[in-house]
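Participant: I have a structure I would like to understand better, so I am pasting it below and will then ask my questions one at a time.
The values are calculated or read from the model by the stated rules, or taken from the named source; none is laboratory data. From a predicted model like this one, the values you see are computed outputs, not experimental measurements. Ideal geometry is used to build each Cβ from the backbone, glycine not excepted, and the neighbour counts take in all protein chains shown.
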Amino acid sequence: MKENAIILILLIVFLIGVSTFFSSNTETSIETPGEPGPESEPGAELEPNITTYTETPPAALKYGSATIRVPAVDNEGNGVVTSLTVDSNAGEGRTLVNIDQLLFWVDTQYSIQTAKLVAENYTDVDLSEIDLVYSIDTEAYLIEGPSAGAALTVATIAAIYNETLNSTVMITGTITPDASIGPVGGILEKATAAKDIGASLFIVPAGQATQTYYRQERTCEKIGPITYCTTEYVPETIDIEEQAGIAMEEVSNIGEALKYFLK
């Protein structure tokens with residue numbers, strides 16, 4: 001019995017010694033993401049500890065700004081020119097007007113909405129996350145009526161593309177949802193105003209580079225004691241390019257117009 005006890009004690013001492021030996025000769029290793037541990041071979045690559053994307057993200061849209069000069073006719077029938085700026089920014093698909101220029105006529109507001117629709121279809125850019133801001137540098141009442149529709153559309157497309165418009169070109173015309181540019185009035189007055197501020201090209205709707213006026217001719221004839229008078233309206237066609245002294249181009253849709261504006 002005594003001998004068995006001695007052997008058991010010696011065995012326990014031996015096991016304690018072996019355990020102490022290995023504990024003192026073992027290094028503790030903590031691996032961090034992206035760093036090779038002691039078991040890694042030289043040049044071995046570990047899985048990254050961040051999220052990676054296997055698909056190429058869509059190209060980022062360059063939010064921008066575009067300014068266009070817009071011809072109009074004032075309350076006295078004179079041709080005038082004002083500047084319109086459209087800014088595109090990340091947002092919620094809103095159509096905004098500069099708060100300092102609240103006087104936008106209802107038909108002008110409709111033209112802005114149509115311009116936005118045409119621009120979205122033409123560029124194939126989803127505007128649901130883009131805010132468009134429209135600003136005028138002078139009195140907003142000058143941009144009444146639908147005749148600024150074509151200019152609004154050109155500027156909106158340029159803002160979406162972040163393109164600079166050719167400042168020597170001006171345009172007048174309505175805009176329809178199918179991107180057609182329609183006829184307007186005051187072509188001669190607008191063309192003259194464009195020429196006066198240094199524009200070199202004036203773009204008008206198809207068929208409006210010439211303008212037909214009806215000149216009133218009154219003739220009277222006296223028969224006995226009674227004078228009989230008749231009034232006749234004689235058509236007279238004016239070449240506006242020659243009359244205003246500015247080069248003109250006719251267009252039918254927004255695509256035809258843009259080639260003159262984008263540099």
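Participant: Quick check on my filter: what residues within region 173-190 are crowded, with 24+ Cβ neighbours inside 10 Å and in contact with a Phe, Trp or Tyr (Cβ under 8 Å, 6 or more places away or on another chain)?
Facilitator: Listed by number, the list holds a single entry, Lys190.
Participant: Please state which one of Ser147, Ser167 is in contact with a Lys or Arg (Cβ under 9 Å, 6 or more places away or on another chain), surrounded by fewer than 19 Cβ atoms within 10 Å (Cβ to Cβ), within 30 Å of Glu242 (Cβ to Cβ) and modelled with pLDDT under 95.
Facilitator: After ruling out the rest, the residue left standing is Ser167.
Participant: Could I ask something else about it? Which of the following residues is modelled with pLDDT of 90 or more, assigned to a strand (DSSP E or B) and surrounded by 14 or more Cβ atoms within 10 Å (Cβ to Cβ): Glu256, Glu241, Glu250?
Facilitator: Details: Glu256 fails: assigned to a strand (DSSP E or B); Glu241 fails: assigned to a strand (DSSP E or B).
Being modelled with pLDDT of 90 or more, assigned to a strand (DSSP E or B) and surrounded by 14 or more Cβ atoms within 10 Å (Cβ to Cβ) holds for just one of Glu256, Glu241, Glu250, which is Glu250.
Participant: Can you report the number of residues in region 57-99 which are modelled with pLDDT of 90 or more, assigned to a loop (DSSP other than H, G, I, E, B) and of a type in the set (Val, Ile, Thr)?
Facilitator: So the count comes out to 0.
Participant: Within region 191-208, track down each residue that is closer than 17 Å to Glu249 by Cβ, aliphatic (A, V, I, L, M) and surrounded by fewer than 24 Cβ atoms within 10 Å (Cβ to Cβ).
Facilitator: Ala199, Leu201, Ala206 - these are the residues of region 191-208 that are closer than 17 Å to Glu249 by Cβ, aliphatic (A, V, I, L, M) and surrounded by fewer than 24 Cβ atoms within 10 Å (Cβ to Cβ).
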